[in-house]
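Notes follow the structure.
The values are calculated or read from the model by the stated rules, or taken from the named source; none is laboratory data. Here the structure is a predicted model, which is why all the values come from computation and not from measurement. Cβ: placed from backbone, ideal geometry, glycine included. Neighbour counts: every protein chain shown. SASA here: full protein model, heavy atoms, side chains in, ligands and nucleic acids out. Shrake-Rupley method; radii C 1.70, N 1.55, O 1.52, S 1.80 Å.
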Amino acid sequence: MNDNPRPGWKSLVGVLAAGAVFGAATSLANAVAHLSVDLESREATTSGWSIIEIVSVLLDSGWAWAGLAVLAGFLATRAKQSGLGARTPARGAVAGVVTLLAATAAYYAVDTVVHDVPLGSYGHDTVYWWAASVLLGPILGAIGSCARRPGAIGVLAKVTVPVGAAVQMVVMPPGRNEVIMTIGQWVVWTTAAVAIGVVARMGLEARRPLRQPGVAVGHEDLR
């Protein structure tokens with residue numbers, strides 16, 4: 001049995017790469033969205049919107065970053081090995097922290113280039129979000145590692161992100177005006193509803209007993 005809680009090096013590289021790509025993509029989306037609109041115009045504050053702005057507010061939402069850590073925990077513990085070592089919550093916890101650290105570093109590194117500011121300009125922000133990653137990453141990564149489990153635990157792990165996203169759209173809706181906020185809310189609510197529906201259906205199918213093929217018995221066999 002492999003009891004080592006650390007993900008293998010391939011999994012580690014994978015979650016590092018996923019985090020870096022996500023962080024860089026979020027920073028670039030924010031930059032393009034900012035350049036695509038005149039924030040001083042009346043339209044921008046009342047009804048203006050664009051697809052890149054919707055992408056930007058969705059990627060830069062807390063639920064999306066939480067989902068990244070959950071996905072990292074899921075990917076780092078998907079290996080099919082005997083025993084519990086391959087899918088322990090500890091492995092998922094490590095992966096959750098690593099991917100958020102990488103995403104934060106990439107996000108502010110790209111921000112530094114995009115905004116053409118000195119290298120240490122986002123030092124305080126980076127340290128702040130790294131601390132948040134260390135605190136929350138283990139929980140989110142461990143949730144991701146439980147997504148393959150059968151029963152209620154697996155179902156709850158699978159719906160954590162869509163439920164969290166739907167709640168955030170109520171408590172902290174995204175966007176700089178009502179149009180962007182409304183579009184963002186309905187995109188997330190629709191996607192969350194579909195995801196929860198799929199999980200519920202999979203759970204019901206998993207609980208459905210398998211039908212055993214019957215054996216036809218003739219009258220002559222009963223004599």
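Highest mean packing comes first when the peptides 88-97, 195-204 are listed by Cβ atoms within 10 Å, giving 88-97, 195-204.
At 0.36 nm per residue, and after removing the present C-alpha to C-alpha distance, how many nm does the segment from Val113 to Trp186 gain when stretched out fully? Working shown, then result.
Working: separation 73, 0.36 × 73 = 26.28 nm, distance 3.31 nm.
Length gained, Val113 through Trp186: 23.0 nm.
Counting heavy atoms of the protein chains alone, Leu101 has an accessible area of about 50 Å² for a 1.4 Å probe.
Evaluating 6.51 cos²θ - 1.76 cosθ + 1.60 at θ = phi - 60° for every residue in the range 67-76, the Karplus couplings come out as x, 4, 5, 5, 4, 4, x, 5, 5, 6 Hz, glycine and proline recorded as x. Each residue was assigned an accessible area with a 1.4 Å probe, and for Phe22 the value is about 40 Å².
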